[in-house]
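The values are calculated or read from the model by the stated rules, or taken from the named source; none is laboratory data. These figures come from a predicted structure and were not determined experimentally. As a convention, Cβ positions derive from the backbone with ideal geometry for all residues, glycine included, and neighbour counts pool all protein chains shown.
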Ligand SMILES: [Fe+2]
């Protein structure tokens, strides 16, 4: 049977992708950030899963204000990197796992989570930047990827608690897939940041640290955080952190923290990263 072996949390700041694509990873501004992911790249090479269910949000690339799915799952055979205004990122095409994706879609919908099924979808920096951070520059991504897109752009996004419960249902879906597959779940976005308005540039290290602590400690408290608390404490774009709760919900009651990294700033954003494994 398929099993979930680990969860990864990571920011997906677009400028990180641009830094890698333009050969700037060794520059003083970026070097500490990329160095912070070296441990995880080594770990990933040793623990390489077959499939990553990659939870992210689209930034008006595949969707617009015409259609706003709360939760969407990519069931296609493959996905093109999106053109976000400067041409598509020069990264490999994202290869899906259609059989597992369709199984998850069916299981989630029958489990009363109303997923939008995407048979064609371009994937933007929300999905490709975490791949770059975890795998570096590669000719092809070494894993199959199932995109799971969450609306955190247009109010109202789903609650953190709803996301956590979706993660629990995702774990049930993966466990009931008959093929023996090693699956990871990644949650991306955040951490504290606000891109516009009077509070643009807001960073809250204390909030971010507490959030990372609570992923393996006070999960119940984390599930209860309201949209207002995310936005007030950590800035308007910090609402992306609800996507980390899908990853956390998929890992079960107890987890072990293998790695944590926190770095400020990257393009006015606090970058957070965590690697968790489920503990029975
Ligand atoms: Fe984002």
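Being in contact with a helix residue (DSSP H, G or I) (Cβ under 6 Å, 6 or more places away or on another chain) and within 16 Å of the ligand (Cβ to nearest atom) is not true of residue 203. Residue pairs whose Cβ atoms lie under 6 Å apart, sitting 6 or more positions apart in sequence or on different chains, and linking a residue in the stretch 240-264 that is within 10 Å of residue 277 (Cα to Cα) to a partner that is within 16 Å of the ligand (Cβ to nearest atom), do not occur here.
The numbered conditions (1) at positive phi; (2) in contact with a helix residue (DSSP H, G or I) (Cβ under 6 Å, 6 or more places away or on another chain) are all true for residue 111 except (1). Mind listing just one residue for me: the one in the stretch 41-65 that is over 18 Å from the mean Cα position of the chain (by Cα) and closer than 23 Å to residue 242 by Cβ and, of those, surrounded by the most Cβ atoms within 10 Å (Cβ to Cβ)? Across the stretch 41-65, the extreme among qualifying residues is 64.
Would you mind stating whether residue 224 is crowded, with 18+ Cβ neighbours inside 10 Å and at pLDDT 95 or above? If you could, list the steps in order and put the result at the bottom.
Numbers: crowded, with 18+ Cβ neighbours inside 10 Å: no; at pLDDT 95 or above: yes.
The answer is no for residue 224.
Determine which member of the set 152, 129 is within 16 Å of the ligand (Cβ to nearest atom), buried (at least 20 other Cβ atoms within 10 Å of the Cβ) and either part of a loop (DSSP other than H, G, I, E, B) or on the phi > 0 side of the Ramachandran plot (or both). Checking each option against the conditions leaves just 152.
Does any residue of the stretch 97-108 turn out to be within 16 Å of the ligand (Cβ to nearest atom), touching a helix residue (DSSP H, G or I) at 6+ places or on another chain (Cβ under 6 Å), under 29 Å from residue 169 (Cα atoms) and at pLDDT 95 or above? The answer is no; no qualifying residue exists. Among the numbered conditions (1) within 16 Å of the ligand (Cβ to nearest atom); (2) touching a helix residue (DSSP H, G or I) at 6+ places or on another chain (Cβ under 7 Å), the only one that residue 61 does not meet is (2).
Rundown of residues vs (1) crowded, with 19+ Cβ neighbours inside 10 Å; (2) assigned to a strand (DSSP E or B); (3) touching a strand residue (DSSP E or B) at 6+ places or on another chain (Cβ under 6 Å), yes/no style:
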position	(1), (2), (3)
170	yes, no, no
173	yes, no, no
177	yes, no, no
184	yes, yes, yes
187	yes, yes, yes
197	no, no, no
200	no, no, no
215	yes, no, no
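Within the stretch 81-92, track down each residue that is more than 16 Å from the ligand (Cβ to nearest atom) and loosely packed, with under 14 Cβ neighbours inside 10 Å. Within the stretch 81-92, 83, 86, 87, 90 qualify.
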